[in-house]
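Take a look at the structure below.
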Amino acid sequence: MTLMSMTGFARSDGTRGDLQWFWELRSVNNRGLDLRLRVPGGYDALEAEIRPRVKERISRGSIQASLQVQREMAAPEVRINMPVLHQILSVAEVLRERVDAAPPRLDGLLALKGVVELVEPQEGDEEAAARRAAMAASFDAALDALVAARAEEGARIGAVLAAQLDSIAALSKAAAALPARRPEAVRERLSALVRRLIETSDQLDPDRLHQEAVLLAAKADIQEELDRLDSHVEAARQLLQAEGAVGRRLEFLAQEFNRETNTLCAKAAEVSLSTIGLELKSVVDQFREQVQNIE
């Protein structure tokens, strides 16, 4: 059984140098594929790599992928702004010719604003590309885990759906075997109805009443609904074993189950058939709820 659920959760992490990151992927039901990415500023280039990977593995569901990045504090590089220092020394030399003052001291020069600069390490193009590749690989690991989680949940749902199909088939068989559906039982019930109507009024035409009774019997026949239910059960069982996304086709069959069950309940002329019809409707409603989770 290869059913895939649309719900799941996965997480992965990675490190490179002083950088550490975490991917979190959440998946819930959706009519189509909706991928929402949340990445910190400066990491937007990852989106172009990630979206095609998701579309290759997942066809339905609302996917939320978030990236958290942490960087260890690296010691900044100390640099002397030589152009600024030369300008200050030039000005000091000019002033010494006009003012009797001691030459500038080193500690005083370094204390001047703009002479000493603290520069954060810069990431080169090659390092940036390597970091993006490592983050994309971590995303692939999270995506693999998400697909596995959806498959595991899909297997559980598939077992539930298979049991519900068995229940639908059993109830359909029970309805077909009801004694009230036997020709002699239908004939006796309609004959009794005609007799009661004739007894209530001598103005009624017995032949016309028999014709109406025949029409009522034809309208109350549920064999066509039972045949369709059996056909839909077989089609649904085949879908449970099929490859690929089958959720939409199962949803269509769920609607067909509901339609045939409603018609069967509307035609029920006996308490026993009404009881089976209500049980069928309950199982079909549960089936419809479960297939909403299938990709």
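The values are calculated or read from the model by the stated rules, or taken from the named source; none is laboratory data. Please read all numbers here as calculations on a predicted model, not as lab measurements. Note: ideal-geometry Cβ built from the backbone for every residue, glycine included; neighbour counts use all protein chains shown.
How many residues does segment 1-42 hold that are farther than 15 Å from Arg132 by Cα and among the β-branched types (Val, Ile, Thr)?
Of the residues in that region, 3 qualify.
Does Ala48 meet the test of being out of contact with any Ser or Thr (no Cβ under 9 Å at 6 or more places or on another chain), modelled with pLDDT of 95 or more and outside the structural domain of Ala159 (by TED's automatic domain parsing)?
Judged against the criteria, Ala48 is not a match.
Being surrounded by 17 or more Cβ atoms within 10 Å (Cβ to Cβ), among the polar types (S, T, N, Q), on the phi < 0 side of the Ramachandran plot and not in a loop (DSSP other than H, G, I, E, B) narrows it down to one residue among Ser66, Ser62; which is it?
Going through Ser66, Ser62 in turn, just one is surrounded by 17 or more Cβ atoms within 10 Å (Cβ to Cβ), among the polar types (S, T, N, Q), on the phi < 0 side of the Ramachandran plot and not in a loop (DSSP other than H, G, I, E, B): Ser62.
Which of the numbered conditions does Glu270 fail, given that it passes all the others? Conditions: (1) surrounded by 13 or more Cβ atoms within 10 Å (Cβ to Cβ); (2) of a type in the set (Asp, Glu); (3) at pLDDT 95 or above.
The one condition Glu270 does not meet is (3).
Given the structure, is Glu56 surrounded by fewer than 17 Cβ atoms within 10 Å (Cβ to Cβ) and at pLDDT below 90?
no
Which condition does Gln290 not pass, out of (1) modelled with pLDDT of 95 or more; (2) more than 19 Å from Ala151 (Cα to Cα); (3) surrounded by 15 or more Cβ atoms within 10 Å (Cβ to Cβ); (4) not aliphatic (A, V, I, L, M), if it passes all the others?
It fails just one condition, (2).
Filter segment 31-46 down to residues that are over 10 Å from the mean Cα position of the chain (by Cα) and among the basic types (Lys, Arg) and give me whichever is farthest from Leu19 (Cα to Cα).
Step by step, filter segment 31-46, then rank; the result is Arg36.
Of the numbered conditions (1) touching a residue at least 24 places away in the same chain (Cβ under 8 Å); (2) within 30 Å of Arg57 (Cα to Cα), Ile88 satisfies every one except a single condition; which is it?
Failing condition for Ile88: (2).
Starting from residues that are free of Cβ contacts under 8 Å to residues at least 24 places away in the same chain and among the acidic types (Asp, Glu), keep the ones in segment 1-53 and report whichever is farthest from Ala142 (Cα to Cα).
The residue in question is Asp44.
Within segment 131-151, how many residues are of a type in the set (D, E, K, R) and either more than 19 Å from Gln64 (Cα to Cα) or modelled with pLDDT under 95 (or both)?
Taking segment 131-151 first, the residues of a type in the set (D, E, K, R) are 131-132, 140, 144, 150.
Then drop every residue that is not either more than 19 Å from Gln64 (Cα to Cα) or modelled with pLDDT under 95 (or both), which leaves 131-132.
Going through segment 131-151 one residue at a time, the tally reaches 2.
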